[in-house]
1. Restricting to segment 2-18, give me the number of residues that are of a type outside the set (Gly, Ala, Ser), over 14 Å from residue 97 (Cα atoms), part of a strand (DSSP E or B) and within 19 Å of the chain's Cα centre (by Cα).
2. Could you list, in sequence order, all residues of segment 75-103 that are farther than 25 Å from residue 27 by Cα and either within 12 Å of the chain's Cα centre (by Cα) or open to solvent by less than 40 Å² (accessible area, probe 1.4 Å) (or both)?
3. Suppose we filter segment 19-38 for residues that are open to solvent by 90 Å² or more (accessible area, probe 1.4 Å) and in a strand (DSSP E or B); how many remain?
4. Please name all residue pairs, on different chains or six or more residues apart, with Cβ atoms under 7 Å, provided the first residue is in segment 41-68 and is closer than 14 Å to residue 96 by Cα and at pLDDT 95 or above and the second residue is assigned to a helix (DSSP H, G or I) and of a type in the set (A, V, I, L, M).
5. Could you please let me know if residue 72 is in a strand (DSSP E or B), small (Gly, Ala, Ser), under 14 Å from residue 97 (Cα atoms) and open to solvent by less than 30 Å² (accessible area, probe 1.4 Å)?
6. In segment 44-69, what count of residues is obtained for those that are under 17 Å from residue 4 (Cβ atoms) and surrounded by 12 or more Cβ atoms within 10 Å (Cβ to Cβ)?
Amino acid sequence: MVGNVGNDPKVQTYSNGSVAQFPLATTERGYTLQNGTQVPERTEWHNIIAWGKTADVVAKYVHKGSKLYIEGKIKTRSYDDNQGRKCYVTEIHVDVLELLDPKPSNNNQPSNGDQLTF
């Protein structure tokens, strides 16, 4: 998927590695049907999870507004809320992350299109 990061990633470090979480917005462009009906643009939000070295890269280079290409696995988990109702959360667990922002002026960051696979 290709989208824009909605908030700065939340990164937590544990004894066995790091985990980064952030929302990613993907947008489907609007269009017009043959009969003239307008179909509006539609934005979908996705919960993104990155682990280990990928999470470290996210912590260093990804921020609100970053444009990313992500490949990963869709995972759904459930939990019981305070009222005992079953709730479901769907997340994308990152396998491949590619930064799509223009190349920064300093040399400390990956350049446009650098693919980060871990």
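1. Total satisfying the criteria: 4.
2. Hits for segment 75-103 are 81, 87.
3. 3
4. As it stands, the answer is 50/58, since those pairs meet every condition given.
5. Spelling it out, it is not the case that residue 72 is in a strand (DSSP E or B), small (Gly, Ala, Ser), under 14 Å from residue 97 (Cα atoms) and open to solvent by less than 30 Å² (accessible area, probe 1.4 Å).
6. Count: 13.
The values are calculated or read from the model by the stated rules, or taken from the named source; none is laboratory data. All of these numbers come straight from a predicted model, not from anything done at the bench. Every residue, glycine as well, gets a Cβ built from its backbone with ideal geometry; the counts of neighbours run over all protein chains shown. The protein model used for the area step is the full one, side chains on, heavy atoms only, and it has no ligands, DNA or RNA in it. Shrake-Rupley method; radii C 1.70, N 1.55, O 1.52, S 1.80 Å.
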